[in-house]
Structure formats: structure tokens, C-alpha cells
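Asks: Pasting a structure below so you can have a look.
No lab work stands behind these numbers, since they all come straight from the coordinates. Keep in mind that what you see is a predicted model, and the values were worked out from it rather than measured. Using ideal geometry, Cβ is built from the backbone for each residue, glycine included, and neighbour counts are taken over all protein chains shown.
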Amino acid sequence: MEIEGSNILVTGGNSGIGKETARHLIAMGAKVVITGRDAVKLEKVANEIGAIPLLFDISDLKSIPEKAAEAIDLLDGKIDTLINNAGIGVFPKLGDITIEDLESVYATNVFGLTLLTQEIVKPFIAQEYGNIINIGSTAALKGFERGTVYAASKFAVRGITQSWQAELRKHNIRVCLVNPSEVTTAFNSEDRVERDEADKKLGAEEIAHTIIATLEMRDKGFIPEVTVWATNPF
């Protein structure tokens, strides 16, 4: 894929992996819409990196068709790539899990991701071309203590990705799952403030690099899944 001149939607693009990925894509000549739930933060980040802001809570499932159409309009009616980056996590131990925990995480990580992609894939199929990057996690590969809710949602995303690969290859639509290990961002931070990058742990930069390298492969090939580990996080 040629990044320059392409049109891209990045969910959860006002912080962390989404922000860093959008920043690099814009610097390479792409037009990028970023979404976020905090209007002030979204506008600030969009101005900082040159993105187009779209106030959008992906867990508001009823709003998805309207917001998907708005995103495409902001991209002048054409979209080449969807990066499903928006995600949340809660980490209660077994015995403390509530239905609200399950519903809130699945609404964003699974239901919203699926329903948004369902809207965006319509123009992809019509134009016989498109790229979908789903941000998974190493939690999509192996569970962990207190990971029941979060890991289950990411295992679901992995299954979803594989299903879309089987369904969409005939339309020249590439679907990739990117699995970061622990990344120092605002993820799982109650105040959603970006944490300083830890010395040895991954930063958003490594994941942005992975996403862009995956997209830059010639359109005749695609990477189904890639996992990114820190070299020596200890």
C-alpha cells in the first residue's frame, strides 16, 4: 500500500498507539481521521498532529452507522484503511467479575469494533480494496492472572480477525492482527493521562512502526498476524 495520499480512520487516535500511528501516517502524507471520547483532548491532539477529529464513543453502538458515514465524509468520500485501535480493559479476579465489567469491555473491544468494521467494509467491498488492522494483545494468545474479561475480549478479536481474513480475501481486503505486549501508554489509567515510557518496556512507537510496516507491504501480500515483544523488559 502507498501511504502517501491514502485515507485512514484510526479509532482511539487521541492517545497512545493510535496517536503515535496517526502522527507517523500523517507525516508520510496520509489523510487521517482520529476518534476519541474526550472532546477537549481530541481537538488538542488533532491540532498537534494534523489529524481530522471525530468525537465518537465506539461503545455507543447505536451511533456507529452515523459515525462511520461521517468519518468517510471527512475523508472526502473515500477510505483505504481502518485501524481498530480503541480498547479498554478491567482486571478483576475471578469472584469479583460483574456483568458490567463484561458488558463495558465487550461493548468497545468486540461489539463496537465489529459493528464499525461492518460499516467500513461496505465501501471496501464496493471498491474491491481495503486494509483492516485490528489491535489485539499478547492477551489474545495466552491468558493471565486477573485477565478473564480482557483476555477473553482479545481472544474474541483474534477469532474475528481470522474469520474476516477468510471472508474478505476474495475482495482484495487485507486483515491483520497486531498483538502488542505491555506498552507504556494511558491504557488502564483511570485519569487517562499518558505515562512516561518505561525504560525497557515497549512504547507506542514500536507498535506504530509495526502497523505501518504491515501496511506498506505491496498489495499482493499481507501479514495475517504479528506479535511485538520488548527485547528485555525486566
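Asks: Counting only DSSP beta bridges with both residues in the chain, what percent are antiparallel, rounded to the nearest 5? List each step's numbers first, then the result.
Replies: Values: 0 of 26 bridges.
The antiparallel fraction comes to roughly 0 percent.
Asks: At 222 nm, what helix-only mean residue ellipticity would the chain give, in deg cm²/dmol to the nearest 500, using -39500 (n - 2.57) for each DSSP H run of four or more?
Replies: Details: 7 runs with 91 residues, N = 234.
Helix-only estimate at 222 nm: -12500 deg cm²/dmol.
Asks: Here's another thing I want to ask about it. If you average the sequence gap of Cα pairs under 8 Å that are 6 or more apart and divide by the length of segment 1-45, what percent do you get for the contact order?
Replies: Values: 61 pairs, mean separation 19.9, N = 45.
Dividing the mean separation by the residue count of segment 1-45 yields 44 percent.
Asks: Name the shape class, rounded, prolate or oblate, that the alpha-carbon gyration tensor gives for segment 68-158, where a ≥ b ≥ c are the square roots of its eigenvalues, rounded holds for a/c under 1.5, and otherwise prolate holds if a/b is larger than b/c and oblate otherwise. Kindly include the intermediate steps, with their values, before the conclusion.
Replies: Working: a/c = 3.54, a/b = 2.35, b/c = 1.51.
In terms of gyration-tensor shape, prolate.
Asks: Suppose the chain between ALA69 and GLU103 were pulled fully straight at 0.36 nm per residue; how much longer would it get relative to their current alpha carbon spacing?
Replies: Numbers: separation 34, 0.36 × 34 = 12.24 nm, distance 2.53 nm.
Between ALA69 and GLU103, full extension yields an extra 9.7 nm.
Asks: With each label point set 7 Å from Cα along the Cα-Cβ vector, what nm distance links GLU48 and ASN232?
Replies: The modelled label-to-label distance comes out at 3.1 nm.
Asks: Dipole of segment 7-228, Cα-centred, from +1 at each Lys and Arg C-beta and -1 at each Asp and Glu C-beta, to the nearest 20 debye? Can you show the working numbers first?
Replies: On the way: 24 positive and 31 negative charges, 133 e Å.
The dipole of segment 7-228 has a size of about 640 debye.
Asks: Over the chain, what is the relative contact order in percent, taking alpha-carbon pairs closer than 8 angstrom and at least six residues apart? Mind showing how you got there, number by number?
Replies: Details: 448 pairs, mean separation 48.0, N = 234.
After rounding, I find 21 percent.
Asks: What distance in nm separates the two pseudo spin-label positions at ILE223 and ASP199, each 7 Å out from Cα along the beta-carbon direction?
Replies: According to this spin-label approximation, the distance is 2.9 nm.
Asks: Then there is this: Take the alpha carbon gyration tensor of segment 7-228, find the square roots of its eigenvalues, order them as a ≥ b ≥ c, and report rounded if a/c is under 1.5; if not, report prolate when a/b exceeds b/c, else oblate.
Replies: Details: a/c = 1.36, a/b = 1.23, b/c = 1.11.
Rounded, since a/c falls under 1.5.
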